[in-house]
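Here is the structure we will look at.
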Amino acid sequence: MKKKNIIITGGLGFIGSNLVEFFLKKKFNVIVIDRMSIGSNIKNLDKNKNLIIKKFDICNRYLLSKCIDKFNPEAIYNLAAETHVDRSIKNPKSFVKSNILGVINILEILRKKNLKHNFKFIQISTDEVFGDIKKGKKSLETDAYNPSSPYSSSKAASDLILKSYIRTYNLPIIITNCVNNFGPKQNSEKLIPKTIINIFKDKDIPIYGTGKNEREWIYVKDHCKILYEVLYRGKLGQTYNIGSGFVYNNLFIVKKILSIFKNKLKRETKSKIIFINDRPGHDFRYSLNSKKISKTLRKLPKQNFEKSLIQTVKWYKENFSYIKENQ
């Protein structure tokens with residue numbers, strides 16, 4: 001039986017590389033397209049006979065079109081994106097290029113091709129497009145977008161463009177909006193890996209404002225399992241929220257990691273929590289209503305937040321030399 005080809009853009013990044021590994025275990029041929037920007041690392045993936053890595057920008061229409069023609073994929077997962085809010089505040093232009101123009105480039109190529117039967121383009125978006133929500137509330141797929149940062153605005157714009165291509169050109173598109181991911185290979189600029197690495201180095205742990213800002217968290221490997229199921233059970237033209245139900249504030253997350261070091265790793269640290277000036281436009285709370293995808297998929301992964309966080313801390317401990325190279 002001929003193996004199926006899958007293209008994953010941004011496949012050398014955090015979520016992307018975990019998704020690549022998942023598909024390789026499922027015996028797919030995986031073609032990674034990645035321009036090797038911040039957050040991407042060639043060491044995120046081991047060599048595999050079923051893995052091909054192409055180093056170019058999704059904004060390069062010639063190379064992208066040629067790649068799609070050559071491999072004729074069953075699906076394209078688009079994870080190529082600039083994702084860090086702080087960097088988007090400092091340099092919003094690069095986020096517009098990657099997150100908006102890059103998506104348009106892919107869509108224009110697909111619009112002009114004779115796509116194979118059952119082909120799907122799956123866009124990986126974020127809960128941040130819905131903006132700040134009140135305590136006790138959860139964002140629905142049908143809620144109005146209300147992004148706060150250049151990052152979330154660029155993702156919201158690409159979502160809306162995708163929806164217009166669904167309506168106008170009937171392209172086979174699915175959009176997923178996911179909560180905060182954590183797990184192996186995450187860039188050290190993010191809260192959880194930064195906290196873990198600082199503790200290993202006995203450095204202080206900075207937290208914005210009072211640390212009360214709340215996020216919903218999902219283990220990256222659980223997210224990848226769901227994205228795999230979306231390929232087969234997701235309906236074209238639909239948007240799906242992907243959440244876990246685990247909503248915690250930043251201070252809780254940092255204290256939980258400190259507790260894991262003390263009680264599970266039996267390691268004392270000189271690291272202290274320090275509160276720093278809040279970033280501009282900092283959203284207070286995100287949380288998603290994920291009932292729609294729960295009904296669509298056969299079953300969602302059984303998740304245990306603390307167990308997944310312990311696994312994450314242990315991975316960073318076992319791969320600390322790798323982490324040092326990525327700072």
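Bear in mind that the values in this text are calculations on the coordinates, not laboratory data. Computed from a predicted model, the values in this text were never measured in an experiment. FYI the Cβ positions are ideal-geometry reconstructions off the backbone, even for glycines, and counts take in every protein chain you see.
The table that follows gives values for the structure above.
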quantity: GNM top mover of TYR248, TYR232, TYR240 - the chain, alpha-carbon springs below 10 Å; calculated: TYR232
quantity: Gained length - ILE104 relative to GLU306, 0.36 nm times residue gap less alpha-carbon distance; calculated: 68.8 nm
quantity: Extension gain from LYS255 to LYS4, taking 0.36 nm per residue of separation minus the Cα-Cα distance; calculated: 86.0 nm
quantity: Peptide ranges 29-41, 173-185, 282-294, 250-262 listed from the most packed, as the mean C-beta count within 10 angstrom indicates; calculated: 173-185, 29-41, 282-294, 250-262
quantity: Relative contact order, percent, the chain [alpha-carbon distance under 8 Å, six or more residues apart]; calculated: 18
quantity: Span from the region 168-218 Cα centroid across to the region 269-285 one, whole angstrom; calculated: 14
quantity: Among LEU265, LEU107, LEU227: highest mean-square fluctuation, GNM of the chain, C-alpha pairs under 10 Å; calculated: LEU265
quantity: Residue exposure sequence - VAL20, VAL313 - by fewest surrounding Cβ within 10 Å; calculated: VAL313, VAL20
quantity: Region 217-327, relative contact order in percent, only Cα pairs under 8 angstrom and at least six apart counted; calculated: 44
quantity: Spin-label pair LYS264/THR210, simplified geometry with 7 Å Cα→Cβ offset, distance in nm; calculated: 2.9
quantity: Pairwise label distance in nanometres, ARG279 with ILE38, each label 7 Å out on the Cα-Cβ vector; calculated: 0.9
quantity: Residues with amide H under 5 Å from that of ASN181, placed H, sequence gap 5 or more; calculated: ILE218
quantity: Fluctuation leader among ALA144, ALA75, ALA157 - the chain, Gaussian network, Cα springs under 10 angstrom; calculated: ALA144
quantity: Inter-label distance, nm, simple model (7 Å from Cα along the C-beta direction), TYR62/ARG233; calculated: 4.4
quantity: Relative contact order [Cα under 8 Å, 6+ residues apart], region 92-186, whole percent; calculated: 41
